[in-house]
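> Mind having a look at this structure? Questions to follow.
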Amino acid sequence: MRYLPSLLFVVALGAQAQTDEFARCLDGLRPAARAASVSEPTWRTHTEALQPDMGVVANLDAQPEFKTPIWDYLAFLVDEERVTDGSARLQAHAEVLQRVQQRYGVDPATVVAVWGVESNYGQGFGRTPIVRSLATLSCFGRRQTYFRTELFAALRILQAGHFAPERFTGSWAGAFGQTQFMPSNFERLAVDFDADGRADLFDSAADALASTAHFLQRAGWRPQLPWGFEVKLPAGFSVAGEGRRSKRPSAEWRARGVRLADGSPVPEDLSLGLLTPAGVQGPAFLVTRNFDAIYSYNAAESYGLAIAHLADRLRGGGPFTTPWPTDDTGLSRAERRELQAWLIVNGHHDIGTIDGLLGEKTRAAVRAEQQRLGWAPDGRAGQKLLQALRAR
Ligand code: CA
């Protein structure tokens, strides 16, 4: 106990040192902000008395696109609920989506899939203050140069009066609106598609959908070109050196014995790269430059696959033919909610609301249940744990 006061002192000093470092860093950014057309009053209004949010720095190294097994990531993002909801959105917004396709060449299912993954079709798009996040990421952690550019863009957006400052919230990394645009992309590509005088990615689905199609068009999207296909590789196929960027002509893949998942030949005259996100034992995909356009929206192949697969499902396609190489596949949102309900039944009353999101408290309860079952307590919830809780 006698060490506690000095320990608290050290912790407080650490936080104070961080705040001081943040203030020094922001002060050092003033000239660059000025050069980027952020006025002195704008800079003062939005950065004075700003405290860093160190939580967003921790997020930099814990992004689900990279940390989660792909079968968990896709089970959550492309579940029956999102397919059903997306089909309803395709109907409800059919007229706008058709005009978007005419103008930008991107089909309705792809645009709606981005909408579904980015904000669950406009139902939740982040409440983190954007300027605070971007200012923190401009001064701490990796990629500070990138986040500085985005911080200056965010401040120019506020300076131009596009959004009220209190409304200007988004994801921890500064993306905002129904299809999660970064500030620089908003400045470059946002569209006032409903022609009410302003590009509004928060309250106008038409503006958000058109802006997304505009982004994909500029990222090299080709009308009528599929994103790619699930394929079957012949036994003993070597994937060494293959990847999204190593594009080869259809004829070459055909000659090497690759076929579509249903056994039909790979379509001719395409330039295709091979994706094997879980190794040769799992599903394999040949992808076109349209997959690359989706990738540029959020640079993770698992993200690209989630959008591409959800779009296929919205067009009436089925699940992948080849199963993931695991005996414990991931949970849909409905199954995650059921898991949370069982955790509460089993005495874990502190996990919060049943929301299908597996946060810290849910994961702690999952670890406790895994321990009770004599399993390795890794905090991951899959079908096996759900079944075990159902059976109890
Ligand atoms: Ca508008």
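> Looking only at residues in region 174-186 that are open to solvent by less than 10 Å² (accessible area, probe 1.4 Å) and not hydrophobic (A, V, I, L, M, F, W, C), which one is farthest from the ligand (Cβ to nearest atom)?
Ranking the candidates gives GLY174 first.
> Would you please name the residue that is modelled with the lowest pLDDT, looking only at residues in region 276-305 that are of a type in the set (A, V, I, L, M, F, W, C) and open to solvent by 10 Å² or more (accessible area, probe 1.4 Å)?
By that ranking, first place goes to ALA299.
> Turning to a different aspect of this structure: Identify, by number, the condition in (1) of a type in the set (Asp, Glu); (2) open to solvent by less than 10 Å² (accessible area, probe 1.4 Å); (3) within 16 Å of the ligand (Cβ to nearest atom) that GLU150 doesn't meet.
Condition not satisfied by GLU150: (3).
> Now for a different question. If I filter region 69-104 down to residues being in contact (Cβ under 8 Å) with a residue 24 or more places away in the chain and among the polar types (S, T, N, Q), which single residue comes out as most open to solvent (accessible area, probe 1.4 Å)?
GLN101
> Here is a further query. Can you pull out every residue in region 34-50 that is within 19 Å of GLN18 (Cα to Cα) and either more than 29 Å from the chain's Cα centre (by Cα) or without any contact (Cβ under 8 Å) to a residue 60 or more places away in the chain (or both)?
If the condition is that a residue be within 19 Å of GLN18 (Cα to Cα) and either more than 29 Å from the chain's Cα centre (by Cα) or without any contact (Cβ under 8 Å) to a residue 60 or more places away in the chain (or both), then GLU48, ALA49 are the ones that fit.
> Quick one: in region 187-227, which of the residues that are in a helix (DSSP H, G or I), open to solvent by 10 Å² or more (accessible area, probe 1.4 Å) and not polar (S, T, N, Q) is nearest to the ligand (Cβ to nearest atom)?
Applying the filter and picking the extreme gives ALA206.
> Here are the criteria: (1) in a helix (DSSP H, G or I); (2) open to solvent by less than 40 Å² (accessible area, probe 1.4 Å). Tell me which single one TYR121 does not satisfy.
(1)
> Something else: If GLY236 satisfies every condition in (1) of a type outside the set (S, T, N, Q); (2) assigned to a strand (DSSP E or B); (3) open to solvent by 40 Å² or more (accessible area, probe 1.4 Å) but one, which is the exception?
(2)
> Looking at GLU230, GLU252, can you tell me which residue is touching a strand residue (DSSP E or B) at 6+ places or on another chain (Cβ under 6 Å) and either assigned to a loop (DSSP other than H, G, I, E, B) or away from the ligand (no atom under 16 Å from the Cβ) (or both)?
Only one candidate qualifies: GLU230.
> Is there a residue being of a type in the set (Asp, Glu) and either surrounded by 15 or more Cβ atoms within 10 Å (Cβ to Cβ) or part of a helix (DSSP H, G or I) (or both) anywhere in region 338-345?
Taking every residue of region 338-345 in turn, at least one turns out to be of a type in the set (Asp, Glu) and either surrounded by 15 or more Cβ atoms within 10 Å (Cβ to Cβ) or part of a helix (DSSP H, G or I) (or both).
> In addition: Within region 43-68, track down each residue that is closer than 16 Å to PRO129 by Cα and either surrounded by 13 or more Cβ atoms within 10 Å (Cβ to Cβ) or modelled with pLDDT of 95 or more (or both).
Within region 43-68, TRP43, THR45, HIS46, THR47, LEU50, GLN51, PRO52, ASP53, MET54, VAL56, VAL57, ASN59 meet the criteria.
> Which of the residues that make up region 318-375 are of a type in the set (Lys, Arg) and touching a residue at least 24 places away in the same chain (Cβ under 8 Å)?
ARG333, ARG336
> Let me ask something else about it. Check ARG143 against each of (1) away from the ligand (no atom under 16 Å from the Cβ); (2) crowded, with 23+ Cβ neighbours inside 10 Å and name the one condition it does not meet.
Just one mismatch for ARG143, condition (2).
The values are calculated or read from the model by the stated rules, or taken from the named source; none is laboratory data. These figures come from a predicted structure and were not determined experimentally. Ideal geometry is used to build each Cβ from the backbone, glycine not excepted, and the neighbour counts take in all protein chains shown. Accessible surface areas use protein heavy atoms only, side chains included; no ligands, DNA or RNA. Shrake-Rupley method; radii C 1.70, N 1.55, O 1.52, S 1.80 Å.
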